[in-house]
1. Within 10 Å, Cβ to Cβ, of Thr75, how many net charges do the neighbouring residues add up to if Lys/Arg are +1 and Asp/Glu are -1?
2. Which of Leu248, Thr101, Gly59 sits farthest toward the positive end of the charge dipole of the chain, with +1 on the Cβ of Lys and Arg and -1 on the Cβ of Asp and Glu?
3. Around Val309, what is the net charge, scoring Lys/Arg as +1 and Asp/Glu as -1 over all other residues with Cβ under 14 Å from its Cβ?
4. Need one number for the range 137-266: average projected area of the convex hull over its C-alpha atoms, nm².
5. Under the rule of -39500 (n - 2.57) per DSSP H run of 4 or more residues, summed and divided by the residues of the chain, what mean residue ellipticity at 222 nm is obtained, to the nearest 500 deg cm²/dmol?
6. Please pull out the direction-averaged projected area of the range 41-173, using the convex hull of its alpha-carbon atoms, in nm² to one decimal place.
7. Just how large is the dipole of the chain about the Cα centre, in debye to the nearest 20, putting +1 at every Lys and Arg Cβ and -1 at every Asp and Glu Cβ?
8. Before I look further, what does the chain give for accessible area per residue, probe 1.4 Å, in whole square angstrom?
Amino acid sequence: MKAVVFAKYGPPDVVTLTDVPRPEPRRREVLIRIHATTVTTADWRARSLHMPAGFGLLGRLVFGIFGPRKPVLGTELAGVIEAVGPGVTRFKPGDQVFAFTGGRYGCHAEYRTMPEDGLLAKKPPNLALDEAASLSFGATNALSFLRKAGIKPSDQVLILGASGNVGTAAVQLAKHFGAEVTAVCSTPNLDLVRSLGADHVIDYTREDFAQQHNRYDIILDTTGTTTLARCEQSLKQNGRLVAIQGSLSQMLGLQRAPRRTGKKVIAGVATVTPADIDLIAHLAERGTLRPVIDRRYPLEAAAQAHAYVDTGRKRGSVVLSVVPDRDVQAKAA
Ligand SMILES: NC(=O)c1ccc[n+]([C@@H]2O[C@H](COP(=O)([O-])OP(=O)(O)OC[C@H]3O[C@@H](n4cnc5c(N)ncnc54)[C@H](OP(=O)(O)O)[C@@H]3O)[C@@H](O)[C@H]2O)c1
């Protein structure tokens, strides 16, 4: 089968399309014919080893000390079940599904196997396959971090990087949890975040939220531009700064506010369960969660897709179309 592989860390052109053996489904596994996948910031980090401040060595430990341990990137997919292994009961050949492989990667290919009880669900019928492929990376991460922050109805939530992959999902999920959402982005993205349900918007090229007098229960930072010291005055009593792109000092709990304020930093990695994937599918089917697709590229143009993701300016998701179709080709133009 065709797959996009990389053998050394580096710029976008280290990824190339090549032939690799097609996997076979083992017991309680399904084989998925991938129709669409995405290039995310997780792929950018694994490919380039560009890590948040203080994490250089950890990057090599996670992704491979002398070179990439997982040659095929891609953390999410949508496609059609091609075959099932012995003992599979939840899916049958022909089912349309979407899945999240996260740190196991392996989606930039024509086929991938998944355990039937893994992070896998039937595709919401109202979504196209490329939309379903764009559902899980942003939504699983946003869901996990909003839960870690203990989001509850009527919370005031500020989202930095609201137009990105995690940000667009976070705006919609925070609204789903009943919060009042302020989305921070640049001028061209204001209409997008309003269309996702943001109650208020701040254009960071014109205004600094930290200089305003509003107070928030949760400040969710997907951009790595905020420290607790910088936003402490913008947090209410017991407010949380959720540092999704956390620095080492945030991860180690070194950024602290006076104990009596109850303010704290939440950082770390997302945790995702099969129930989260089912919830995401349900919310997408209801129209509560809408994937945002910025650009589409054919699988063979993976290096160009990586180059665009590297800009740090994408809106939502960048799709790789594995099974070309006329619509996909037209939109990529
Ligand atoms: N801890 C974890 O487990 C975890 C999980 C997932 C992701 N992450 C990290 O979270 C970060 C975000 O991921 P992502 O996939 O959502 O990124 P993304 O899709 O690449 O985000 C791009 C968006 O960021 C916005 N942006 C850039 N600088 C900004 C600023 N100064 N203020 C406000 N918005 C800004 C851009 O909007 P404008 O063009 O409008 O500026 C763009 O729309 C990445 O660093 C990723 O590594 C961590």
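The values are calculated or read from the model by the stated rules, or taken from the named source; none is laboratory data. Just so we're clear, the structure is a prediction, and the values are computed from it rather than from any experiment. Neighbour counts are summed over all protein chains in view; Cβ atoms, including those assigned to glycine, are modelled from backbone coordinates with ideal geometry. These area figures cover heavy atoms from the full protein model, side chains too; ligands, DNA and RNA do not enter into them. Shrake-Rupley method; radii C 1.70, N 1.55, O 1.52, S 1.80 Å.
1. Working: positive: Arg104; negative: Asp43, Glu76.
Net of charged neighbours comes to -1.
2. So the residue we want is Leu248.
3. On the way: positive: Arg45, Arg47, Arg295, Arg296, Arg313, Lys314, Arg315; negative: Asp13, Asp43, Glu76, Asp294, Asp310.
So the environment of Val309 carries a net charge of +2.
4. Numbers: hull surface 28.4 nm².
Result: 7.1 nm².
5. -7000 deg cm²/dmol, from helical runs alone.
6. Taking a quarter of the hull surface, the average projection is 10.5 nm².
7. 880
8. 44
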